[in-house]
Amino acid sequence: MNGCLIILRSVTYAQRAKRVLERNGISAYVIKPEAHLVGNGCGFAVKVSDVYLAESLDILSGENFGIMKVYVPSENGYRELRV
Amino acid sequence: MTYLDNAATTLIKPQSVTDAVTEAIKTAANAGRGGHGASMRAADILFECRETAADFFGAKSAENIIFTLNATHALNIAIHGIMGKGGHAVISGYEHNSVVRPLAFLGDKGVSFSVARAPLFEPELMVEAINREIKKNTKAVIVTHVSNVFGYILPIKEINALCASKGIPLVIDAAQSAGCIPVKLNDLTAVRFVCMPGHKGLYGPQGTGILVCRDGREISPLMQGGTGSQSHEAFQPDFLPDRHETGTQNAHGIAGLNAGIKFVCKVSELYRHERELLDYCTEEIGKISGATLYYDHKKQCQSGVLSFNLARVNADEVSYQLSLCDIAVRSGFHCAPLAHETAGDRMGTVRVSFSVFNDFSDVETLVSALKKINV
């Protein structure tokens, strides 16, 4: 899936985010993104379809997940989305 | 073997625990490190267990479950975290060395502690004793939920209410209660941490333990190192569980722990089963001439742990003689000399402790052997 990346603080947060999104009917995958996307070293992300990105961010923001960064696919790989 | 040393560890585990560990060893790599399937499998194992434990112990979220090596490790995180900069603590007279020793060690850093002494199986007197020992600079009350020596169930709800009324954090050592007697964070508002092993009443493997945190971010970590997160930062992350989980986690053991907790959730009335065995055991040992039993005659506040002595043979010799009959019990001071002192015992005791896998025939085997030893 060439989806969007929601960078979270740790693998535990990414897994909880996946569970929360799936409970809301949104398919999500936990992945380890390239370190430069995380910004301060190792980290994890949930990957979701761009169709569900806005809804996913709404859901996760409401549950205090501490989203670090959001990326959407671009011609060169990923482009950071300011949220 | 007739295994009656479940307060030390539950030797007999559910098959689901063995299966989960075996499967994890074959499939799970290092959790939260790589992005490959085997690493993700390990991360899934940890997260599933966090969710199971958070639900079972009433924690706010999966992150509030910290995996530790054992109960002692969990207690050290809590005690060093709260008391590390000095202050006063109150403990009960029935504490294990896993509480007493960290506090004694911190004496150099200005930590002092008072022991609330009250007779065995007198819960109201224990609450009064704790209340008497609280001072203006008391930073924490640290108590065992169940004495590992006598099975005495301390009045945790009343102690919680006392601490809540005075705004003092409560730390619970649930080494002997977790899995057998309910302890839920959301019912106990003063409780800051609950510390437990995975390998006793939760029927998980050795090398597993849990620290249940109300928050946990406010205290310093006991250890620092790799967490698989924020790796460019020199300091330990300030979020859970990473703040208190450093280095490779025991995914294989935690797979078993998760299966163990799920087993406990399915088996109803664990406490009642152990208590029935205790009552029968007490009745039968009580028939042996000169036997001394530490027993809650009111049947209100004792779990499936019984200490006793025979008149003619000392505790260690009884344990040795029983081992020759392939019966496993523990003797001595059980790493809790303070509890013996509080109860008035100076010689050590023989301790029998039950699990869900024991039945009345185990008690009969024990008593039959004791009658032969006590001659």
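Every number in this text was worked out from the coordinates using simple rules, so none of it is lab data. Everything numeric here is computed off the predicted structure, so don't read it as measured data. Cβ: placed from backbone, ideal geometry, glycine included. Neighbour counts: every protein chain shown.
Beta bridges per DSSP, both residues in the protein assembly as shown: antiparallel share near 65 percent.
Net charge in the neighbourhood of B:Gln249 (other residues with Cβ under 12 Å of its Cβ; Lys, Arg +1, Asp, Glu -1) is 0.
For chain B, the Cβ-based charge dipole about the Cα centre amounts to some 660 debye (Lys, Arg positive; Asp, Glu negative; other atoms uncharged).
Converting the Cα gyration tensor eigenvalues of chain A into ellipsoid dimensions via √(5λ) gives semi-axes, longest first, of 17, 15, 11 Å. Angle between the Cα long axis of helix B:37-57 and the longest principal axis of chain B, 0 to 90 degrees, nearest 10? On a 0 to 90 degree scale, this one is about 50. Bridges between two residues of region B:15-266, per DSSP, are antiparallel at a rate of about 35%.
Ordering A:Tyr71, B:Tyr152, B:Tyr320 from the fewest to the most neighbouring beta carbons within 10 Å gives B:Tyr320, A:Tyr71, B:Tyr152.
Counting, for every residue in A:35-45, the Cβ atoms of other protein chains within 10 Å of its Cβ and taking the mean gives 4.
Three principal axis extents describe the C-alpha atoms of the protein assembly as shown; from largest down they are 88, 50, 33 Å. Taking other Cβ atoms within 10 Å as a rough exposure proxy, A:Met68, B:Met347 sort from fewest to most as B:Met347, A:Met68.
With respect to chain B, whose longest principal axis is taken over its alpha-carbon atoms, helix B:156-166 is tilted by about 50°. Centre-to-centre, using Cα atoms only, region A:11-72 and region B:202-224 are separated by 26 Å.
Within the straight-line cut-off of under 16 Å between alpha carbons, the lysines reachable from B:Lys266 are B:Lys13, sequence neighbours fewer than 8 places apart in one chain being disregarded.
Taking other Cβ atoms within 10 Å as a rough exposure proxy, A:Tyr13, B:Tyr3, B:Tyr271, B:Tyr294 sort from fewest to most as B:Tyr271, B:Tyr3, B:Tyr294, A:Tyr13.
Computed over chain B, the P(r) tail beyond 40 angstrom holds 15 percent of alpha carbon pairs.
Give the angle, between 0 and 90 degrees and rounded to the nearest 10, that separates the Cα long axis of helix B:360-373 from the longest principal axis of the Cα atoms of chain B. That works out to roughly 50 degrees. For region B:1-156, DSSP calls about 10 percent of its internal beta bridges antiparallel. Using a cut-off of 28 Å between Cα atoms, the listed pairs B:Lys60/B:Lys200; A:Lys32/B:Lys60; B:Lys200/B:Lys287; B:Lys166/B:Lys298; B:Lys109/B:Lys136 include B:Lys200/B:Lys287; B:Lys166/B:Lys298 as exceeding that distance.
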